[in-house]
Amino acid sequence: MDTETDWVYRVFEPHGSEGWRPYGSDPERWQGVITASDSTEGARHAIGRIVGDLMTEWERTGLHHAMHVRVFLWHDEAGDMEQADFIVEVRPRSDLDAA
């Protein structure tokens, strides 16, 4: 039987030579906790919800082709970026330039 856990997430954007900084003009909006099963599938569910929210926001604002972010996911509580349990990088589609 799966148990549930809190998956803590933070979204970051590239910031040149300084590395990564919290994403957006309202970074609090792109950090939080999602409760899902304590398994790889639960982590995938949490990441899917976060990326889905990002894509919806980008579509709404017309920025969906230019965004580049990393979603960091920790089991139970946030830590350093290097300690994240999962990291998903969302990059702009490069094939749009050829169209």
task: Among what's in segment 51-88 and is closer than 17 Å to residue 27 by Cα and of a type in the set (S, T, N, Q), pick the residue that is most open to solvent (accessible area, probe 1.4 Å).
output: 56
- prompt: Among the residues of segment 62-92, how many are among the hydrophobic types (A, V, I, L, M, F, W, C) and without any contact (Cβ under 8 Å) to a residue 60 or more places away in the chain?
  reply: 9
task: Could you list, in sequence order, all residues of segment 3-50 that are assigned to a loop (DSSP other than H, G, I, E, B) and open to solvent by 50 Å² or more (accessible area, probe 1.4 Å)?
output: 3, 15, 25, 26, 38
task: Tell me which of these residue 72 doesn't satisfy, since it passes every other one: (1) under 11 Å from the mean Cα position of the chain (by Cα); (2) assigned to a strand (DSSP E or B); (3) modelled with pLDDT under 95.
output: (3)
statement: Selection from segment 80-99 of residues at pLDDT 90 or above and part of a loop (DSSP other than H, G, I, E, B) yields 80, 84, 85
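The values are calculated or read from the model by the stated rules, or taken from the named source; none is laboratory data. This is a predicted model, so every value here is computed, not measured. Quick reminder, even Gly has a Cβ in these numbers, built from the backbone with ideal geometry, and neighbours come from all protein chains shown. Ligands, DNA and RNA are excluded from the accessible area calculation, which covers all protein heavy atoms including side chains. Shrake-Rupley method; radii C 1.70, N 1.55, O 1.52, S 1.80 Å.
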